[in-house]
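For reference, the structure discussed in these notes is given below.
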């Protein structure tokens, strides 16, 4: 299973990171970093549908997406065309991400940044805060119930918002019980990374006071219209492959005639 492989690689990476910058130092770095420039939660809580656009070089399912990867320019363009937030992949082994992408982008844009990675330790939450994140991703499938609850609180104490990602009905229940206020439904099956349409069933299980994000496999306006209960959509490959990102975002918003 791909997810298991990613977690194992993440454990190795985590130990290397801790040997380079120890836990106490990283914690101090997090606490001494400026507060996030903008609130991720607030960006998704507006009346209109919000769009989180992703900076991503590669993925396990699609391979290399962006051979040329001017990530800072991409992020600045996302902000300019009207993204509400930006997701930055920092996982290096399967997505060719880098924590420095997050840091560099945070110095270029003013909208909220989500650190998208496979977080399995508080160290990685401190690392996100120290490198300019406004929010982190926590994946229910790779954490115990206690870890999920503890990590949500840990992040909130650092003024970070948390997007909790679920993949089935049981994980939705776990996310709600852990205190998640932003819940993402990944339309991609993490066992084989295929896309399905689980959103419709799963979103009905989420209380109305939660912010709901639909993630993965969104490329057409028709698909966007299917996600009636979503407060936000996370768009990755579609935006990364687009040669006219403004036109693509307008299409997804149903505003093709606008420049």
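Numbers below:
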{"item": "Within the stretch 173-200, considering residues that are in a strand (DSSP E or B) and buried (at least 17 other Cβ atoms within 10 Å of the Cβ), the one modelled with the lowest pLDDT", "result": "188"}
{"item": "Residues (surrounded by 15 or more Cβ atoms within 10 Å (Cβ to Cβ) and either part of a strand (DSSP E or B) or free of Cβ contacts under 8 Å to residues at least 12 places away in the same chain (or both)) located in the stretch 218-246", "result": "223, 232, 233, 234, 235, 242"}
{"item": "Tally, over the stretch 54-89, of residues that are in contact with a strand residue (DSSP E or B) (Cβ under 8 Å, 6 or more places away or on another chain), closer than 13 Å to residue 245 by Cβ and assigned to a helix (DSSP H, G or I)", "result": "4"}
{"item": "Lone qualifier among 46, 37, 18, 41 - being out of contact with any strand residue (DSSP E or B) (no Cβ under 8 Å at 6 or more places or on another chain) and part of a helix (DSSP H, G or I)", "result": "18"}
{"item": "Some residue of the stretch 93-113 being touching a helix residue (DSSP H, G or I) at 6+ places or on another chain (Cβ under 7 Å) and at positive phi", "result": "no"}
{"item": "Matching residues in the stretch 133-164 - criterion: being assigned to a strand (DSSP E or B) and closer than 15 Å to residue 177 by Cα", "result": "138, 139, 162, 163, 164"}
{"item": "Selection count where residues are in contact with a strand residue (DSSP E or B) (Cβ under 8 Å, 6 or more places away or on another chain) and closer than 16 Å to residue 125 by Cα, scope the stretch 158-173", "result": "6"}
{"item": "Qualifying residue in the stretch 189-206 (condition: touching a residue at least 40 places away in the same chain (Cβ under 8 Å) and on the phi > 0 side of the Ramachandran plot)", "result": "yes"}
{"item": "Those residues of the stretch 90-123 which are touching a residue at least 60 places away in the same chain (Cβ under 8 Å), outside any loop (DSSP other than H, G, I, E, B), closer than 20 Å to residue 8 by Cα and in contact with a strand residue (DSSP E or B) (Cβ under 8 Å, 6 or more places away or on another chain), in sequence order", "result": "94, 116"}
{"item": "Filter result (surrounded by 12 or more Cβ atoms within 10 Å (Cβ to Cβ) and either within 21 Å of the chain's Cα centre (by Cα) or part of a loop (DSSP other than H, G, I, E, B) (or both)) within the stretch 24-34", "result": "30, 33"}
{"item": "Members of the stretch 205-217 that are modelled with pLDDT of 90 or more and in a loop (DSSP other than H, G, I, E, B)", "result": "205, 206, 207, 208, 209, 210"}
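The values are calculated or read from the model by the stated rules, or taken from the named source; none is laboratory data. Because the structure is a prediction, the values reported are computed rather than measured. Cβ: placed from backbone, ideal geometry, glycine included. Neighbour counts: every protein chain shown.
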